[in-house]
Amino acid sequence: MHLTDHISDVQLNEYLDHEANDRAQVELHLSICENCSARLTALKDLFSEIESLPELEYSQGFSEASLWETARFVSSRNPSTPLPRSLTLAVTLQAALAVIAIIVAAPFVMQFLSPYVAGIPAASFADVFLQLQSQWAAWLAMLSTFQLPRIPEFPRIELSSLFMIFTVIGISLLWLIGNGLLLRNQMK
Amino acid sequence: MSAPSDRDLIQRARRGDAEAFGELVLRHQTSVFNVCYRILHERAEAEDLAQETFIRARERLHTFDEERVFGPWVRRVAANVCLNHLESQKGTAELDEERDADESQRPETQVEVRERSEQIRSALASLPAHYRVVIELRHYQELSYEEIAAELSIPLSDVKSHLFRARKLLAEKLHAPD
């Protein structure tokens with residue numbers, strides 16, 4: 001900063017706030033520059049006006065009972081720190097996208113299911129469980145005879161397309177319900 | 001017998017002495033209420049948030065460093081409570097033009113002072129929330145730029161620019177021709 005350079009408004013603010021690093025230079029310039037001195041005086045006046053604001057009397061007081069009442073109200077109203085707005089928006093967007101995806105996919109799923117529904121019975125939970133159990137046992141048996149040079153082959157699990165579709169739909173619904181509950185708590 | 005110091009009262013309040021905390025409230029309620037009123041410019045809301053400030057203070061009393069002074073600490077809590085309140089209400093409410101209810105007869109000069117004070121309060125109330133809070137912390141609580149940055153968790157450059165813009169806006173509002 002040269003001696004003849006005018007002081008910026010930001011520098012004047014910092015100077016009056018006692019936060020300027022170059023106080024000596026600012027003061028030197030103020031001693032020769034009427035324009036900057038006038039701006040400094042105007043800013044000082046503003047500071048005085050702000051700080052002249054009188055304190056209002058407050059004599060009503062808070063009773064201990066009302067403090068506890070408010071404490072209960074605050075804790076029931078705000079049991080946890082609210083989620084950031086960005087997260088709430090992201091969750092809302094995800095939920096909206098999931099709904100759209102389900103709506104778009106529904107006709108295709110119905111079309112896909114129509115030839116199977118009458119002819120092929122869907123695998124029951126017990127069947128699937130037994131199949132998985134036997135696959136697991138086979139895999140364990142394979143592991144017990146595992147030899148280093150041979151890479152064990154993971155047994156192929158055969159699941160019907162119907163089962164896969166129901167699984168995907170089920171997971172989507174669970175996800176939607178979970179997010180719905182989360183948002184409902186936030187909106188309360 | 002001399003009155004107990006704030007430190008004594010804090011120690012007793014930490015041990016669960018409700019009366020000691022009540023005494024702390026009594027001592028600091030005016031300054032806390034004024035912090036809230038300067039930021040909110042609405043009496044009922046300022047009273048609610050002043051009360052909430054003391055509840056927060058009571059919850060956080062165990063984190064208070066006894067080497068520090070209680071008054072400035074609780075006023076900072078008040079500023080933060082008000083800022084959170086304003087952030088949660090962003091864009092919903094316009095601040096009311098509230099006048100003091102107590103309009104007793106006073107000399108002319110005092111009326112002028114009151115009118116000017118009201119103009120300053122209105123000008124402050126018209127600022128964006130984060131500008132109001134930096135003005136409160138700088139001018140009324142006399143925090144340094146670094147302390148304000150730490151208190152509000154914002155960069156130092158933001159403190160400088162908020163203060164500069166807030167003052168510029170205030171000057172425009174206060175010195176605008178009627």
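The values are calculated or read from the model by the stated rules, or taken from the named source; none is laboratory data. Small disclaimer: the values here were computed from a predicted structure and weren't measured. Reconstructed Cβ throughout: ideal geometry from the backbone, glycine too, with neighbour counts over all protein chains shown.
Scanning segment B:48-70 for residues that are among the polar types (S, T, N, Q) and surrounded by 13 or more Cβ atoms within 10 Å (Cβ to Cβ), we see that the one that is nearest to B:His85 (Cα to Cα) is B:Thr53.
Quick grid of which residues meet (1) modelled with pLDDT under 80; (2) part of a loop (DSSP other than H, G, I, E, B); (3) not acidic (Asp, Glu):
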residue: A:Met142; (1), (2), (3): no, no, yes
residue: A:Ile151; (1), (2), (3): yes, yes, yes
residue: A:Glu158; (1), (2), (3): yes, yes, no
residue: A:Leu162; (1), (2), (3): no, no, yes
residue: A:Thr167; (1), (2), (3): no, no, yes
residue: A:Gly170; (1), (2), (3): no, no, yes
residue: A:Leu182; (1), (2), (3): yes, no, yes
residue: A:Asn185; (1), (2), (3): yes, no, yes
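Contact annotation: residue pairs with Cβ atoms under 7 Å, 6 or more positions apart or on different chains, pairing a residue in segment B:72-92 that is outside the structural domain of B:Ile148 (by TED's automatic domain parsing) and of a type in the set (A, V, I, L, M, F, W, C) with a partner that is surrounded by fewer than 18 Cβ atoms within 10 Å (Cβ to Cβ) and modelled with pLDDT under 90, are B:Trp73/B:Phe64; B:Leu83/B:Ala129; B:Leu86/B:Ala129.
So which of A:Ala122, A:Ala98, A:Ala90, A:Ala138 ends up being assigned by TED's automatic domain parsing to the domain that holds A:Leu182, modelled with pLDDT of 80 or more and in contact with a Ser or Thr (Cβ under 8 Å, 6 or more places away or on another chain)? Show your work before the answer.
Working: A:Ala122 fails: modelled with pLDDT of 80 or more; A:Ala90 fails: in contact with a Ser or Thr (Cβ under 8 Å, 6 or more places away or on another chain); A:Ala138 fails: in contact with a Ser or Thr (Cβ under 8 Å, 6 or more places away or on another chain).
Just a single option satisfies the conditions, and that option is A:Ala98.
The C-beta contact set for segment B:12-29 (first residue within 11 Å of another protein chain (Cβ to nearest Cβ), second residue aromatic (Phe, Trp, Tyr) and in a helix (DSSP H, G or I), distance under 6 angstrom, 6+ apart or interchain) comprises B:Val25/B:Phe54.
Here are B:Arg121, B:Arg116: which of them is free of Cβ contacts under 8 Å to residues at least 24 places away in the same chain, within 11 Å of chain A (Cβ to nearest Cβ) and either at positive phi or of a type outside the set (Asp, Glu) (or both)?
Values: B:Arg121 fails: free of Cβ contacts under 8 Å to residues at least 24 places away in the same chain.
After applying the criteria, what remains is B:Arg116.
Applying the set (1) facing another protein chain (nearest Cβ under 10 Å); (2) over 30 Å from B:Arg116 (Cα atoms); (3) at pLDDT 85 or above to A:Trp68 leaves exactly one unmet item: (3).
Within segment A:124-145, track down each residue that is surrounded by 12 or more Cβ atoms within 10 Å (Cβ to Cβ), more than 18 Å from A:Met164 (Cβ to Cβ) and of a type outside the set (A, V, I, L, M). A:Trp136, A:Trp139, listed by residue number.
Screening A:Gln25 with (1) away from every other protein chain (no Cβ under 14 Å); (2) modelled with pLDDT of 80 or more; (3) surrounded by 11 or more Cβ atoms within 10 Å (Cβ to Cβ); (4) more than 30 Å from B:Ile135 (Cα to Cα) gives one miss only, at (4).
From the residues in segment A:28-58 that are among the charged types (D, E, K, R) and without any contact (Cβ under 8 Å) to a residue 24 or more places away in the chain, which one is surrounded by the most Cβ atoms within 10 Å (Cβ to Cβ)?
Top of the filtered list is A:Glu49.
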